[in-house]
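Below is one structure, written out as structure tokens; comments come after it.
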Amino acid sequence: MEISGNDGTATSAADERLVGRLRAAAARYAAAEADRSTIEARRADGRRFPDDDHRLQLRAARLVEQHEVPGQVLLATSPQESGPGLAERIIGATNDLQSLNFLARGMRAAACVARIWYSTGGPVQPQATGFLVSPSLLLTNHHVFPDAATARGAFAEFGAEMGIDNDLPAHTTRFTPDPDTLFLTDEDLDFALVALRPGGDGRPAGQVFGHLWLLAAEGKLVIGDPVNVIGHPDGRLKEIAIRQNRFTQRFDDFLQYETDTEPGNSGSPVFNDQWETVALHHSGVPAHDASGAVLNLHDQPWRPEQGQAEIKWIANEGVRISVILARLAALTTGDAQRALLAELGPGSGLGSAPALLSTVPAPRPPIEVTEAVPVAGATGRPEAFGGRLRLVFVHGRSQQGRDPDELRRGWAAGLNSGLTLAGLPTIDPADVWFPYYGDRLVQVMESALPGEAPLSASARELYDRLLDEAARRAGMPPPEAAEPATESIWDHVVRTTREPLGWIAAHTGVDRLVIKAAFKDVAAYLDQDDTRTAVLDQVLAGMPADGPVVLVAHSLGTVVAMDLLTRLGPAVPVAGLITVGSPLGMDTVYSRLRIGGPHLPPIAGPWLNAWCRTDPVAIGCPLADDWSGLAAECSVANPLDRAHDIGAYLGHPEVATAIGRLLG
């Protein structure tokens, strides 16, 4: 449904454009009468998803490939099943029951949605919705931002939503459009893509709130599938339309669906149940008479001065994401704009972002571990925290070649964000100890090739065991469930049950190479004693000589910290341990620790753990199922592209509060 000024005024030109959009949507609806009759006939025959057979096959195959089908459903299928019957059963299984992470994934998607404030001739007011599709790009409707001047005078507000206890938002964040950097729009497809300026801290909006991946692939939706819409109806705080909604009609450029949206939802993302963005909401579909005139609630011709609340709506309509991507690909832009479009991701078909490394470094031979260990890292000030204790950050993997002081500032920035939200005093990065072992880890590993498994036979075996355990914890059926078959959908089922890395990637939304690299480093550390000793020696060299200390560890650093506890002397008591994004819940990991199992060595203070359900490294969490000595742990929802990011973890108030209380 459309928007106009909140004061009820609009120019005649705006009225004409509004009426034109409404009539076009109504005309598409009227022209599809025969298709709707076919759909209803299929539904009457018992077809729950009355779409064409080949689209059902595409949808089922995609669900299986993305590991969205419950394991018990895969195990219950057989090679003898085929055709639309099997496809509908697979699709139906994903509709009927949702994993608990459905809610967390929805919250992650919702974080990317912003309320747009702009002017329609009067003061700037909240009137529409937009959403992040890359770290710096916002997608909304053309009728929201018809030109660069309108965008330039607007702003996008993130976090405008009720709290978990129905409390009003204590803090929202505003980003302003930068149409001079990028502004691409299409009136017929009713979309506008605009760059946003970074925030006051220099970070782009997508680094703070995450962004939605736009996919050109087919198979994201079939007729009868539910759809979900997140937006700011009538400029209100963020809401979701999630009940009694279904996709009803497909056109070349548009989708129509039954869902309850209101003015202000223009520019909202339309999702399937896997939280893939399938459309950009742009209009309601009004009832109309034989002449094509829009009808009001009294079945009389509607006039713009009556307001859109008086329109008789019969459906809603969104622009297909695949069509928007195709249009963007056809636009001629400069190299800088092409680079920005490439940030929409490989699934968009708009190219790929520049590689982080222009060349692949050659393998480095292992070096001898010596007793003399040079100090590496950043030391904290002795007078910090009143001289009562020391705060120590223990970093994770892939930090080679980095500046320890820069890393320390990044960790502190994330923690200060969380402390601010929690209403607690912030810290000075210079007060933190940051022992650095990134370069040392690479030196003693058998290979530094990014993304590849360790080269030694024992480390490769350990790496495979880590992946297998992680995939099982993510619900992967046992290998014996798959049998040879020739049926196309069955082939997808077989492949799904035999590929642990793909299963983990699909269930977490994290890139396969990132997962590979993370488990590779954990395997290398645990497998080779000289690697472990060298890393621990390096960390000890950068630790304060006396305590008490509060240890905050991330990723592989949590494994290092747990081993470190066995080597700290009485002069350095541990007043508290905070672990985030940790693989310590996996049997393959904790059985190889220096302490010999999931038992916390005696420390002076509490141990708290935080984890994200979409973080593949933390897939063994919660730790309380296996570990003793844990005081508390919490689950947090990180953005999709930052599921394992330390800044995202520390930025959660519950994590920051635990650290802040230990610091006093």
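Of all residues in the range 399-434, count the ones that are assigned to a loop (DSSP other than H, G, I, E, B), among the hydrophobic types (A, V, I, L, M, F, W, C) and within 27 Å of the chain's Cα centre (by Cα).
Initial filter on the range 399-434 (assigned to a loop (DSSP other than H, G, I, E, B)): 399-403, 422-428.
Among the residues that remain, those that are also among the hydrophobic types (A, V, I, L, M, F, W, C) are: 422, 424, 427.
From what's left, within 27 Å of the chain's Cα centre (by Cα): 422.
Residues meeting the conditions: 1.
Among Pro204, Pro226, which is the only one that is farther than 30 Å from Leu63 by Cα, crowded, with 18+ Cβ neighbours inside 10 Å and outside the structural domain of Ala637 (by TED's automatic domain parsing)?
Values: Pro226 fails: farther than 30 Å from Leu63 by Cα.
Testing whether each residue is farther than 30 Å from Leu63 by Cα, crowded, with 18+ Cβ neighbours inside 10 Å and outside the structural domain of Ala637 (by TED's automatic domain parsing) leaves just Pro204.
Within the range 558-588, how many residues turn out to be in contact with a Ser or Thr (Cβ under 9 Å, 6 or more places away or on another chain), on the phi < 0 side of the Ramachandran plot and in a loop (DSSP other than H, G, I, E, B)?
3
Please state which of the following conditions Val442 fails to meet, knowing it meets all the rest: (1) at pLDDT 90 or above; (2) of a type in the set (A, V, I, L, M, F, W, C); (3) under 16 Å from Gly396 (Cβ atoms).
Here Val442 clears every test but (1).
Report yes if His211 is in the same structural domain as Leu344 (by TED's automatic domain parsing), at pLDDT 90 or above, in a loop (DSSP other than H, G, I, E, B) and closer than 19 Å to Arg105 by Cα, otherwise no.
On the way: in the same structural domain as Leu344 (by TED's automatic domain parsing): yes; at pLDDT 90 or above: yes; in a loop (DSSP other than H, G, I, E, B): yes; closer than 19 Å to Arg105 by Cα: yes.
Considered against the rule, which asks whether it is in the same structural domain as Leu344 (by TED's automatic domain parsing), at pLDDT 90 or above, in a loop (DSSP other than H, G, I, E, B) and closer than 19 Å to Arg105 by Cα, His211 comes out as yes.
If Gly231 satisfies every condition in (1) under 24 Å from Lys312 (Cβ atoms); (2) surrounded by fewer than 22 Cβ atoms within 10 Å (Cβ to Cβ); (3) not charged (D, E, K, R) but one, which is the exception?
Every condition holds for Gly231 apart from (2).
Take the conditions surrounded by fewer than 23 Cβ atoms within 10 Å (Cβ to Cβ), modelled with pLDDT of 95 or more and of a type outside the set (Asp, Glu) and apply them to Arg197. Does it pass?
Working: surrounded by fewer than 23 Cβ atoms within 10 Å (Cβ to Cβ): yes; modelled with pLDDT of 95 or more: yes; of a type outside the set (Asp, Glu): yes.
So Arg197 passes the test.
Name every residue in the range 527-547 that is under 15 Å from Val432 (Cβ atoms), outside any helix (DSSP H, G or I) and either over 36 Å from the mean Cα position of the chain (by Cα) or among the hydrophobic types (A, V, I, L, M, F, W, C) (or both), in order of residue number. Lay out the reasoning, then the answer.
Of the residues in the range 527-547, the ones under 15 Å from Val432 (Cβ atoms) are 539, 542-544, 547.
The next check asks that each one be outside any helix (DSSP H, G or I); those that pass are 542-544, 547.
Matches in the range 527-547: Met543, Pro544, Gly547.
What residue, of Ile578, Ile619, is among the hydrophobic types (A, V, I, L, M, F, W, C) and touching a strand residue (DSSP E or B) at 6+ places or on another chain (Cβ under 6 Å)? Full working, then the answer.
Numbers: Ile619 fails: touching a strand residue (DSSP E or B) at 6+ places or on another chain (Cβ under 6 Å).
After ruling out the rest, the residue left standing is Ile578.
For Arg661, indicate whether it is out of contact with any strand residue (DSSP E or B) (no Cβ under 6 Å at 6 or more places or on another chain), among the charged types (D, E, K, R) and assigned to a loop (DSSP other than H, G, I, E, B). So that I can check it myself, show each step before the final result.
Details: out of contact with any strand residue (DSSP E or B) (no Cβ under 6 Å at 6 or more places or on another chain): yes; among the charged types (D, E, K, R): yes; assigned to a loop (DSSP other than H, G, I, E, B): no.
Considered against the rule, which asks whether it is out of contact with any strand residue (DSSP E or B) (no Cβ under 6 Å at 6 or more places or on another chain), among the charged types (D, E, K, R) and assigned to a loop (DSSP other than H, G, I, E, B), Arg661 comes out as no.
Check the range 586-607 and report whether any residue there is within 30 Å of Phe131 (Cβ to Cβ), touching a helix residue (DSSP H, G or I) at 6+ places or on another chain (Cβ under 9 Å) and of a type in the set (D, E, K, R).
Filtering the range 586-607 for residues within 30 Å of Phe131 (Cβ to Cβ) gives none.
Within the range 586-607, none of the residues are within 30 Å of Phe131 (Cβ to Cβ), touching a helix residue (DSSP H, G or I) at 6+ places or on another chain (Cβ under 9 Å) and of a type in the set (D, E, K, R).
Scan Ala631, Ala624 and give me the residue that is closer than 30 Å to Gln528 by Cα, among the small types (Gly, Ala, Ser) and modelled with pLDDT under 90.
Details: Ala631 fails: closer than 30 Å to Gln528 by Cα.
On inspection, the qualifying residue turns out to be Ala624.
For (1) at pLDDT below 90; (2) within 27 Å of the chain's Cα centre (by Cα), each residue gets a yes or a no:
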position	(1), (2)
Glu258	yes, yes
Ala309	yes, no
Glu317	no, yes
Arg327	no, yes
Leu331	yes, no
Gly345	yes, yes
Gly349	yes, yes
Val360	yes, no
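Kindly provide the set of residues from the range 218-256 that are more than 19 Å from Pro50 (Cα to Cα), at pLDDT 90 or above and part of a loop (DSSP other than H, G, I, E, B), ordered by number.
Result: His232, Arg236, Leu237, Lys238, Asp253.
The values are calculated or read from the model by the stated rules, or taken from the named source; none is laboratory data. Keep in mind the model is a prediction, meaning the values are calculated, not measured. Counting neighbours? That spans all protein chains shown, and the Cβs are built from the backbone with ideal geometry, glycine included.
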